[in-house]
Amino acid sequence: MRIGVLTSGGDCPGLNAVIRSVVHRAVVDHGDEVIGFRDGWKGLLECDYLKLDLDAVGGILARGGTILGSSRVQPSHLRDGVERARGHVQELGLDAIIPIGGEGTLKAARLLSDNGLPIVGVPKTIDNDIAVTDVTFGFDTAVGVATEALDRLKTTAESHQRVLVVEVMGRHTGWIALHSGMAAGAHAVVVPERPFDIEELARKVGERFEAGKRFAIVVAAEGAKPKAGSMEFDEGGKDVYGHERFAGIARQLSLELEHRLGKEARPVILGHVQRGGTPTAYDRVLATRFGWHAVEAVHRGEFGKMTALRGTDIVMVSLAEAVETLKTVPEDRYTEAECVL
Ligand code: F6P
């Protein structure tokens, strides 16, 4: 068989581990040929690819980023490009395409699959917001990075008696904020799923200082918003891909808290550091299993599906189901965490 692989959307620790696993399973065990499209869907639309043999994937298991490169493509561009993609698949004699990506990539995968292209998807995102899989690789790494940063920030916050508002990634969901906040013992966490009450947040942080504590750490998911009308808040706009361009929750919250409490407050934006660098052992294992199972699904002809983790098993779920809803954090997880507003 001839298989094409691509990585699309925001990168994520573990992408290279999937690519390596696909090549190992396909080339070594099945005698397949594998090619990799450069820079995501763009590579498929422009027929820009490289051959992926064992040498090409040597030493990449622990490497962050993606050796194939990634990019975002406007949905309309892809809709217009379906026939071009089909032409390239035929021209290259491909039996299957394995796109590795998050929400946007999986929607694009579904579009191509609905148009008859042989697709087996692999989900990825540090945000952990793909509904049909228990977890996505990259999340564990991102939570580890954020937790280590929070641990470090506690010591400097205490030295200066400051409030530090730490912005972590998570545009629609608060998984990273919740897990890193719990792991590091943050004093308050705000998330996109629950618009927060600024009065309550200021009271919570204020009470901590009144009780004699000398600092406070607030974790804010980048997509968190205050309750409508409760404080002045710049929501930012949208970028060309239709994604929200956030205007900086940490900056806005630290100004507001400093103003309300008379305590020095600083914003800290962890940003893309959460996405870079080597994946944890957990993420490497999950990514490797996803790659292996994706190749098996190709050989069974199970197209229009993607790999997912359910309990300890890897299962195949339809792309249609995969893109239906996002996995937000359930209410009871917030309740038990206590630090979430
Ligand atoms: O979806 C993954 C993610 O890391 C989000 O958490 C974040 O909002 C977004 O990607 C950032 O995208 P970009 O790298 O295009 O700025």
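Read-outs: derived from the displayed coordinates by stated rules, not from any lab. Predicted model only: the values in this text are computed from it and were never measured. So basically every Cβ, Gly included, is an ideal-geometry build from the backbone, and we count neighbours across all protein chains shown.
Please report how far the C-alpha centroid of the range 151-190 lies from that of the range 99-147, rounded to the nearest whole angstrom. A separation of 26 Å, based on Cα centres.
Figure legend: label point modelled 7 angstrom from the Cα of R152 along Cα→Cβ; residues of the range 237-271 with amide N under 14 Å from it are 268-271. Here's how it looks for A96: its modeled amide H is under 5 Å from those of R2, G4, which are all 5 or more places away or on a different chain. If you find the alpha carbon centre of the range 295-328 and of the range 219-243, how far apart are they in angstrom? Using only Cα atoms to place each centre, the spacing works out to 31 Å. Peptides 94-101, 20-27, 293-300 ordered by packing proxy, namely the average of other Cβ atoms within 10 Å per residue, highest first: 94-101, 20-27, 293-300. Between K213 and E258, the FRET efficiency estimated from the beta carbon spacing at R0 = 22 angstrom works out to 0.85.
For F196, the residues 5 or more places off, or on other chains, whose built amide H falls under 5 Å of its own are K225, K227. Summarising the label geometry, the points placed 7 Å from Cα in the beta-carbon direction at D234 and R84 lie 3.6 nm from one another. If R0 is 30 Å, the Cβ-Cβ spacing of H160 and T325 corresponds to a FRET efficiency of close to 0.10.
Counting charges near A250 (Lys, Arg +1; Asp, Glu -1) among other residues having Cβ under 9 Å from its Cβ returns a value of 0. Taking every DSSP helix (H) stretch of at least 4 residues in the chain, weighting each as -39,500 (n - 2.57) and dividing the sum by the residue count yields a mean residue ellipticity at 222 nm of -11500 deg cm²/dmol. Among the trypsin sites (Lys or Arg not before Pro) in the range 163-259, those placed in a DSSP loop whose Cβ has at most 13 other Cβ atoms within 10 Å are K213, R214.
For the pair V273 and K204, what calculated FRET efficiency results from E = 1/(1 + (r/R0)^6), where r is the Cβ-Cβ distance and R0 = 30 Å, to the nearest 0.05? Kindly include the intermediate steps, with their values, before the conclusion.
Numbers: r = 27 Å, r/R0 = 0.90.
So, using R0 = 30 Å, E works out to roughly 0.65.
Phi angles across the range 51-57 convert, under the Karplus curve 6.51 cos²θ - 1.76 cosθ + 1.60 with θ = phi - 60°, into 3J(HN,Hα) values of 6, 10, 10, 4, 4, 4, 9 Hz, Gly and Pro given as x.
I need the shape label for the chain. Rule: rounded when a/c is under 1.5, else prolate if a/b > b/c, else oblate, with a, b, c from the alpha carbon gyration tensor. Prolate, because a/c is 1.5 or more and a/b exceeds b/c. So for the chain, if I pair up every lysine 8 or more residues apart or on another chain, how many of those pairs have alpha-carbons under 20 Å apart? Summing the qualifying lysine pairs gives 20. Amide H to amide H distances under 5 Å link K305 with G121, L319, where only residues 5 or more positions off or on other chains count and H is placed in the peptide plane.
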